[in-house]
């Protein structure tokens with residue numbers, strides 16, 4: 001490669017007419033391409049591209065401090081010598097994944113484990129956006145959804161009802177296996193768990209469907225259309241508004257928690273009560289007719 | 001007192017032999033309760049029981065009041081995040097029963113008749129006298145009915161009773177008809193489009209990204225064929241539709257093609273890393289879609305059977321005895337995912353006549369490609 005460059009440079013040098021000709025050609029070329037760019041590209045997009053570049057540059061600084069230890073200096077991922085993945089590659093995960101992982105406090109992770117858990121988020125939304133811009137600049141990936149994507153605010157009452165019904169059917173088909181019929185979450189293999197959905201911000205639910213955090217499957221826009229995702233979120237929101245009609249939900253986790261409660265608390269109380277009855281003697285050493 | 005003692009002594013005769021070996025130690029002296037010896041304690045216990053029964057009455061009255069006054073239903077009153085009516089009715093009725101129960105226990109322990117009692121076991125057989133009397137009745141009944149003297153009547157009676165078994169045997173037919181080969185087939189056929197469950201939209205391979213999971217059904221469930229409505233007589237309805245939907249349920253997963261370890265003869269059953277497996281667990285038939293994207297392991301929530309979808313649906317954990325049936329996929333001329341055949345083996349749990357074949361022994365190589 002270098003030999004090739006040297007050879008073409010040599011050929012150029014044989015034909016040059018003056019010592020500054022090369023410089024003039026380069027400057028002309030730069031001016032021409034810059035002028036053409038300015039002439040043909042709308043100024044706003046130039047600005048936003050500029051913004052994106054600045055944000056990505058700022059995001060890279062944050063990334064080097066907070067993320068590079070596990071994900072590598074260029075987000076390429078790090079595999080340990082034992083073959084364990086310390087942090088996966090971030091090429092192609094997109095801005096949505098960053099906004100979800102950092103926004104919910106899951107990233108930066110404190111330690112490796114079966115599952116990285118939700119915790120207090122330490123970044124401002126601006127910083128998250130900068131990080132997201134940097135990671136999105138690595139490779140194309142899903143972008144952060146806007147409120148219009150996951151909100152049913154613009155719909156009529158009738159359309160909202162339809163959205164909840166359709167979303168409910170999609171939820172029951174695709175989500176309940178892990179997240180439970182009531183969205184209360186559930187256990188997963190090897191110490192993992194599917195989190196509770198009812199307290200999750202709609203934006204993060206949308207991003208989780210889009211990007212499949214940790215061991216969750218992805219539901220890309222080709223899989224579940226944006227409207228279908230919105231409907232699922234509408235259904236989850238509608239579940240929150242339903243009052244409990246009686247009894248204790250016990251986390252709504254189904255037979256496991258209910259069985260534990262019945263066996264330990266229910267039968268335990270009965271056994272304790274029976275023991276208490278039998279333990280307290282009703283007998284006395286006094287005889288009938290004895291003086292008090 | 002004397003009655004129980006004489007009972008005890010009377011029963012003693014039967015156990016003369018064992019009593020000679022190990023003499024009856026008799027009963028220990030009766031210990032009195034405070035309520036038997038102290039009239040104050042007795043009156044106090046009586047009051048306690050009455051108060052408990054009184055509390056039960058209050059609870060019952062509260063139940064009626066709550067039933068009449070509290071609003072139920074979707075816009076009912078709420079207390080502690082729960083429906084007020086349910087909470088109050090439950091607590092009041094529970095209290096009413098509980099206080100009666102506690103009162104009765106207190107009554108029995110403190111106040112009811114309290115003596116030690118011995119009841120000897122009766123011999124199992126009746127007395128000789130009773131047995132002779134019964135034999136006499138039976139004999140005279142046989143004589144009076146003349147069943148021994150009239151064999152024609154006896155035999156026709158026995159015959160008519162014996163024939164009554166026939167309706168029982170004939171009605172066994174209602175358990176049928178025999179399933180035939182229904183257990184071995186689903187509604188999937190060669191060239192039938194794979195569509196998303198619930199919405200019924202067909203799927204292009206390019207729609208799916210690596211890591212996408214789709215709960216899919218055959219297109220016939222939604223009454224269409226290649227996007228056009230089926231004639232009315234071919235549309236599945238009612239129980240037939242639900243049967244077909246339950247048996248044909250399919251999980252579609254797109255993974256990195258390099259992750260797939262195809263079984264022999266199954267090398268071309270995926271489309272660019274999209275694989276399709278039956279959603280019905282081979283253990284007892286629960287629907288499975290609890291998938292881990294990172295490991296391609298599909299886990300059944302009922303008994304934790306785990307199948308590796310990158311490796312012909314092999315069982316990697318749990319009680320399932322056989323791999324998940326795989327659906328060979330192809331692409332039709334419109335670019336949509338289609339099945340290249342029905343499931344080549346029965347879906348769902350094992351049954352008596354089911355073949356036990358290994359992955360690669362199901363005539364896989366014979367499944368033709370779809371012409372696109």
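The table below lists the values:
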{"quantity": "Relative exposure of B:114, B:233, A:99, judged by other C-beta atoms within 10 Å (fewest first)", "calculated": "B:233, B:114, A:99"}
{"quantity": "Anisotropy class of the stretch A:135-272 from Cα gyration tensor, a/c 1.5 cut", "calculated": "oblate"}
{"quantity": "Spatial separation of Cα centroids for the stretch B:46-96 and the stretch B:239-301, in angstrom", "calculated": "51"}
{"quantity": "GNM top mover of B:294, B:69, B:201 - chain B, alpha-carbon springs below 10 Å", "calculated": "B:69"}
{"quantity": "Estimated translational D of the stretch A:122-206 in µm²/s (Stokes, Kirkwood radius over Cα pairs; 25 °C; 0.890 mPa s)", "calculated": "157"}
{"quantity": "Residue B:42-residue B:69 FRET efficiency (beta carbon distance; Förster radius 60 Å; 0.05 resolution)", "calculated": "0.90"}
{"quantity": "Candidates B:343, B:67, B:277: whichever shows maximal mean-square fluctuation once chain B is modelled as a Gaussian network with Cα springs under 10 Å", "calculated": "B:67"}
{"quantity": "Exposure proxy ranking, count of Cβ atoms within 10 Å, fewest first, for B:63, B:53, A:171, B:351", "calculated": "B:351, B:53, B:63, A:171"}
{"quantity": "Helix-only CD estimate at 222 nm, as mean residue ellipticity for chain A, using -39500 (n - 2.57) per DSSP H run (n ≥ 4)", "calculated": "-16500 deg cm²/dmol"}
{"quantity": "Gain in span if fully extended, residue A:284 to residue A:20, counting 0.36 nm per residue against the direct Cα distance", "calculated": "82.8 nm"}
{"quantity": "Rounded FRET efficiency, nearest 0.05, which uses the C-beta distance separating residue B:303 from residue A:78 and R0 of 56 Å", "calculated": "0.90"}
{"quantity": "Globularity index of the stretch B:137-215, i.e. its alpha-carbon radius of gyration over 2.2 N^0.38 Å", "calculated": "2.84"}
{"quantity": "Per-q log10 I(q)/I(0), chain B, q = 0.08, 0.09, 0.11 Å⁻¹ (Debye; single scatterer per alpha-carbon; no solvent)", "calculated": "-0.80, -0.81, -0.86"}
{"quantity": "Between 0 and 90°, nearest 10: helix A:202-211 axis offset from chain A longest Cα axis", "calculated": "60"}
{"quantity": "Neighbour-count ranking [beta-carbon atoms within 10 angstrom, fewest first] of A:256, B:199, A:135", "calculated": "A:256, B:199, A:135"}
{"quantity": "Cα-based shape type of the stretch B:182-350, given that a ≥ b ≥ c are square roots of the gyration tensor eigenvalues and the cut on a/c is 1.5", "calculated": "oblate"}
{"quantity": "Sequence ranges A:204-212, B:163-171, A:172-180, A:155-163, ranked by mean other-Cβ count within 10 angstrom, highest first", "calculated": "A:204-212, A:172-180, A:155-163, B:163-171"}
{"quantity": "With Cα atoms, 0 to 90° folded angle of helix B:84-110 axis to chain B main axis", "calculated": "30"}
{"quantity": "Reciprocal mean inverse distance between Cα atoms of the stretch B:304-349 - Kirkwood radius, Å", "calculated": "12.0"}
{"quantity": "Convex hull projection area averaged over all views, the protein assembly as shown, Cα basis, nm²", "calculated": "61.0"}
{"quantity": "Of A:190, A:166, A:60, the one that fluctuates the most in a GNM where chain A has Cα springs shorter than 10 Å", "calculated": "A:190"}
{"quantity": "Among beta bridges that DSSP assigns inside the protein assembly as shown, antiparallel share in %, nearest 5", "calculated": "95"}
{"quantity": "Cα centroid separation, the stretch B:148-206 to the stretch B:346-372 (Å)", "calculated": "26"}
{"quantity": "Between 0 and 90°, nearest 10: helix B:2-12 axis offset from chain B longest Cα axis", "calculated": "70"}
{"quantity": "Under the Debye formula (equal points on every Cα, no solvent term), log10 I(q)/I(0) of chain A at q = 0.06, 0.12, 0.17 Å⁻¹", "calculated": "-0.39, -0.95, -1.38"}
{"quantity": "Full-extension gain in nm, residue B:353 to residue B:243, via 0.36 nm per residue minus C-alpha separation", "calculated": "37.5 nm"}
{"quantity": "Euclidean distance between Cα centres, the stretch A:190-256 to the stretch A:165-186, Å", "calculated": "7"}
{"quantity": "Spatial extent of the stretch B:32-120: Rg and Dmax, with the Cα atoms as the point set, Å", "calculated": "19.3, 64"}
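The numbers here are math on the coordinates, done by the rules we state, and not lab data. Keep in mind it's a predicted model, so treat the numbers as computed, not measured. Cβ sites come from the backbone with ideal geometry, for glycine too, and all protein chains shown count toward neighbours.
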